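Novice: The structure that follows is given in the form of structure tokens.
The values are calculated or read from the model by the stated rules, or taken from the named source; none is laboratory data. Everything numeric here is computed off the predicted structure, so don't read it as measured data. Because the Cβ atoms are built from the backbone with ideal geometry, glycine has one as well, and the counts that use them run over all protein chains shown.
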Amino acid sequence: MKMFTSRERIIAAMNRQIPDKVPLMCQFSIGSMMTLLKPKPHEFWYDKNVFAEGLVSLCEMFKFDGILVSLHGHSEKWKKDLISIVSIDDGSYKLTFPNRTEIHSLADLPMVSFKQVKVQKTIDEIDIEHDIPSVINYVPVSQNLYFELDLDDKFGVFDTLYAKVGDSVSIHGEITSPFDYLLDLLGYENGLMALIMEPERCKLILGKFTSGLKELAEEMCSKNIDAIKISSPFAGMGFISKDDYREFVLPYERIIIESIRAKGLHVYIHTCGSIDDRLELMGESETSGLECLDPEPVGNVDLEDAFNRIGDKLFIKGNIDSVNSLLFADDKKAEADVKQIIKTGIKMRKGFILSTACSIAPKVTKDRLLMLSRLIDQHGKY
């Protein structure tokens, strides 16, 4: 069999073809990137050049076949409002802005405190026309943490990255599910209650976000990328029922997915935790593949069972338990767990990308990550 380039290897798997060996492409958490690279954390967060250089360094360090660009739309505008930067300790920095302070550390995502507490509107108070942007200008990263998109340079980081790696590896973009935007807008508890109390109004809000995200995804498709990941972490069994998934997640993600596929790119859904009851339902979105497929105890997906159920239609990216296999396990268990996943992928013949199920946990060691490519070289050749 011919030797594939890293990019060819990922594309073959997404096309459900057989490459030379199992491709490897994990998603880094911000904390894991910080721990491994030890940059100035605020520069890594805000500067597209620092971020892109970090992604390339990590890809090369661990012999990954692809790079996920989890943040885009970096802007220099943050410097204009910055009042002060103070070094704290352990490489942490406190950034003060007129309306907030941010603690950027090497441990995890930035911690943000606003000077005025955000007043969460109820669903009845939401003005759909004015409170929901027609053009998506932010990413709801986590509670109180937003990544503002520079609308004049939404995708510059892709150009910067492509200039560094060209076609040598597969580059993937990322957008966030409309369902996440809904929960962020209303607050998680109130958002889930609104699905029950005000379902039709929820659908109007989801529709507005979907329109903006569809446009954002279509624009992203013009860059030198092979796929777009839809981050949809709150759509698993731990948050909503299968019926609610069908009503409030599936139709809106399908609109975005169909628009990406029409542009000739692959797209895959990232949903954490337990999704065993909805694998086939997620496939109804016309997605190219699924990511995570967390095994027990983090989730409830058995990899071989998932292949038997959806592997004839979708590629699968996963399913290493980053916490119990890579972080806490001893060397023997860590290797055994990963070897079994590789063995399953090889057995199913096509459509598999080895990856941590969700993001690499922040304190997973360099040696543990180097283990992944080594085990593929030893056990992952078709």
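Novice: Pick from K94, K21: which is surrounded by fewer than 23 Cβ atoms within 10 Å (Cβ to Cβ) and either touching a residue at least 60 places away in the same chain (Cβ under 8 Å) or in contact with a Lys or Arg (Cβ under 7 Å, 6 or more places away or on another chain) (or both)?
Specialist: K21
Novice: Looking at V119 and the list (1) surrounded by fewer than 14 Cβ atoms within 10 Å (Cβ to Cβ); (2) part of a loop (DSSP other than H, G, I, E, B); (3) touching a residue at least 24 places away in the same chain (Cβ under 8 Å), which single condition is not satisfied?
Specialist: Checking V119 against (1) surrounded by fewer than 14 Cβ atoms within 10 Å (Cβ to Cβ); (2) part of a loop (DSSP other than H, G, I, E, B); (3) touching a residue at least 24 places away in the same chain (Cβ under 8 Å), the one that fails is (3).
Novice: Give me a count of the residues in region 45-62 that are more than 15 Å from M25 (Cβ to Cβ), in a helix (DSSP H, G or I) and in contact (Cβ under 8 Å) with a residue 12 or more places away in the chain.
Specialist: The number of residues fulfilling the criteria is 9.
Novice: Here is a check on your reading of the model: is A13 within 30 Å of I310 (Cα to Cα) and either outside any loop (DSSP other than H, G, I, E, B) or acidic (D, E) (or both)?
Specialist: Answer is yes for this residue.
Novice: Which fully enclosed strands (runs of 3 or more DSSP E) of region 69-114 have 2 or more residues being of a type in the set (D, E, K, R)?
Specialist: Output list reads 100-104.
Novice: Oh, and also: Scan region 220-234 and give yes if some residue there is out of contact with any Phe, Trp or Tyr (no Cβ under 8 Å at 6 or more places or on another chain) and part of a helix (DSSP H, G or I), otherwise no.
Specialist: No, region 220-234 contains no residue that is out of contact with any Phe, Trp or Tyr (no Cβ under 8 Å at 6 or more places or on another chain) and part of a helix (DSSP H, G or I).
Novice: With the checklist (1) charged (D, E, K, R); (2) assigned to a loop (DSSP other than H, G, I, E, B); (3) touching a helix residue (DSSP H, G or I) at 6+ places or on another chain (Cβ under 7 Å) in hand, flag the one item K350 doesn't pass.
Specialist: The number of the failed condition is (3).
Novice: Identify, from the list I126, I136, I132, I171, the residue that is under 30 Å from A12 (Cβ atoms), out of contact with any Ser or Thr (no Cβ under 6 Å at 6 or more places or on another chain), of a type outside the set (S, T, Y) and crowded, with 17+ Cβ neighbours inside 10 Å.
Specialist: Unique residue meeting the criteria: I171.
One line per residue, one yes/no per condition, for (1) more than 22 Å from S113 (Cβ to Cβ); (2) in contact with a Leu (Cβ under 8 Å, 6 or more places away or on another chain); (3) part of a loop (DSSP other than H, G, I, E, B):
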{"position": "F147", "(1), (2), (3)": "no, yes, no"}
{"position": "D150", "(1), (2), (3)": "yes, no, yes"}
{"position": "D153", "(1), (2), (3)": "yes, no, yes"}
{"position": "D159", "(1), (2), (3)": "yes, no, no"}
{"position": "S168", "(1), (2), (3)": "yes, no, yes"}
{"position": "E174", "(1), (2), (3)": "yes, yes, no"}
{"position": "F179", "(1), (2), (3)": "yes, yes, no"}
{"position": "L182", "(1), (2), (3)": "yes, yes, no"}
{"position": "N190", "(1), (2), (3)": "no, no, no"}
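Novice: Search region 342-372 for residues being of a type in the set (S, T, N, Q) and under 21 Å from the mean Cα position of the chain (by Cα), and hand back the single one that is surrounded by the fewest Cβ atoms within 10 Å (Cβ to Cβ).
Specialist: Only one residue fits best here, namely T365.
Novice: Considering each of D180, D277, D226 in turn, give the residue that is of a type in the set (D, E, K, R), at pLDDT 95 or above and within 23 Å of A306 (Cα to Cα).
Specialist: Going through D180, D277, D226 in turn, the sole match is D277.
Novice: Condition test on S325, is it touching a Lys or Arg at 6+ places or on another chain (Cβ under 8 Å), of a type in the set (S, T, Y) and either within 22 Å of M14 (Cβ to Cβ) or assigned to a strand (DSSP E or B) (or both)?
Specialist: It is false that S325 is touching a Lys or Arg at 6+ places or on another chain (Cβ under 8 Å), of a type in the set (S, T, Y) and either within 22 Å of M14 (Cβ to Cβ) or assigned to a strand (DSSP E or B) (or both).
Novice: Considering each residue of region 280-299, count those that are crowded, with 17+ Cβ neighbours inside 10 Å and either in contact with an Asp or Glu (Cβ under 9 Å, 6 or more places away or on another chain) or in contact (Cβ under 8 Å) with a residue 60 or more places away in the chain (or both), and give that number.
Specialist: 12
Novice: Right, next: When region 97-115 is examined, which residues are found to be surrounded by 14 or more Cβ atoms within 10 Å (Cβ to Cβ), touching a Lys or Arg at 6+ places or on another chain (Cβ under 7 Å) and within 24 Å of D152 (Cβ to Cβ)?
Specialist: Answer for region 97-115, where residues must be surrounded by 14 or more Cβ atoms within 10 Å (Cβ to Cβ), touching a Lys or Arg at 6+ places or on another chain (Cβ under 7 Å) and within 24 Å of D152 (Cβ to Cβ): R100, V112.
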